[in-house]
Amino acid sequence: REAAIPTFITISDTMPGGAMASFLSTVDRELWFCIHHMVHHNAIIASLMFELGLDPPTEFAYAPSTIKLGHDLHKPVDASKMSA
């Protein structure tokens, strides 16, 4: 498969103290960060579910690479063994 040419973007944010900071990134990198940050939030949700006696879905709150490793090893990933 042919590699796509990255779409560069400039990210700007206000830092603590009010200073502005800008840096170069790509759309792909920012979307990938969002996916992995969502996994972090799902891990918090899974912890709360355990506290309430609920079981999250088996692969909930795991990064795609962790799930793939579990499948590659022919072992299902068990969210009940997850630590937050």
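For the stretch 47-65, a tally of residues being under 26 Å from W32 (Cβ atoms) and touching a residue at least 12 places away in the same chain (Cβ under 8 Å) returns 10.
Among the residues of the stretch 32-45, those identified as touching a residue at least 24 places away in the same chain (Cβ under 8 Å) and either closer than 30 Å to I5 by Cα or open to solvent by 60 Å² or more (accessible area, probe 1.4 Å) (or both) are I35, H36, V39, I44.
This table checks each residue for (1) part of a helix (DSSP H, G or I); (2) modelled with pLDDT under 90; (3) open to solvent by less than 60 Å² (accessible area, probe 1.4 Å).
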| residue | (1), (2), (3) |
| --- | --- |
| A4 | no, yes, no |
| E30 | yes, no, yes |
| S47 | yes, no, yes |
| P57 | no, yes, no |
| I67 | yes, yes, yes |
| G70 | yes, yes, yes |
| V77 | no, yes, yes |
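The values are calculated or read from the model by the stated rules, or taken from the named source; none is laboratory data. These figures come from a predicted structure and were not determined experimentally. Please note: Cβ atoms are built from the backbone with ideal geometry, for glycine as well, and neighbour counts cover all protein chains shown. Only protein heavy atoms, including side chains, enter the accessible area calculation; ligands, DNA and RNA are left aside. Shrake-Rupley method; radii C 1.70, N 1.55, O 1.52, S 1.80 Å.
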